[in-house]
Each structure stands twice: as structure tokens, then as C-alpha cells.
1. Would you kindly derive the ³J(HN,Hα) couplings of the range 31-40 from the backbone phi angles with the Karplus curve 6.51 cos²θ - 1.76 cosθ + 1.60 (θ = phi - 60°), listing them in order in whole Hz, with x for Gly and Pro?
2. Give a residue-ordered list of calculated ³J(HN,Hα) values for the range 73-86 (Karplus: 6.51 cos²θ - 1.76 cosθ + 1.60, θ = phi - 60°; whole Hz; x for Gly, Pro).
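Coordinate-derived values only; no laboratory data. Values in this document were obtained by computation on a predicted structure and should not be read as measured data.
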Amino acid sequence: MENRVQEFRKRRGLTQTQLAKEVGSTKRTIYAIETEEHDLRISLAKKLASFFGSSVDELFCEDRRIASEEKRQWVVDITQRIAHKLNMSCSDAIVYLENNDVYKQIFDAYEEWFSGSRAQLANLIVRDTQKKRLR
């Protein structure tokens, strides 16, 4: 069954073993779920969803639109933070970020599940932007 367990686990910075302990399972089971080799019990699905503060539907969705919407919202949030820190309107920030290939950095960070918070990522991008402006 297609799922987002690995995505959610990595976002929290957990190993498979740590997640297994949190939900009363085994590393092997978590691995099997993440690699879609295991049809899990509904009770474990509910425990995982509860642990991640998610719904079962969101965690075990077959429709990736949820992930796409989450990614879009993630990028919007970072753009707003950057605009605020650079004292720009959002539309000016978008143009600036597009012209300087910063969105590629944002998407790369998203794909790697940046280990820090959105605020930390925004601060890093703002710092890089300010350095470029000083040149």
C-alpha cells in the first residue's frame, strides 16, 4: 500500500528503530511498510497516524495530491518568510527568487526533507541573498 511513513519519519529525524519503539512495532515491520511490502493492520495504521499527528488517509494515501498540496504550501510559507525578512512584497520576492534560482534550492531542500524548520531554511536563503546583494 502506497504510504508516506518514510517521509513523515524522516521529517521527524527518526530511525526506523526509533519509530518502531514509539508505536510498539519492529524495525522490520516499519521497513516493510515503507517499502510497501507489508499490508499493515488498521490498529498499527491508526497508531502511526496518531504518532505523526496525521490522519490515516493522509499517511496512507494513494492519491499524491495531498503531498503536492503540502509541498505547495511549504514553498508558499518559505516565500512569505523570505519576503518578510527582506522587506519585500511576496510578488517581488517571487520574482527575485525565480530570477536567482533560489526556488531550486527550496525544492532541493524539500526533497531532502530539510532537517531544520521552515524558519531556519528561510534564514539560510535570506543570508545567501544578502551576501549576493553585497557583491
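1. Values, residue by residue: 4, 5, 5, 5, 8, 6, 9, 9, 8, 7 Hz.
2. Ordered by residue, 3J(HN,Hα) equals 5, 4, 5, 4, 4, 5, 4, 5, 5, 5, 4, 4, 5, 9 Hz.
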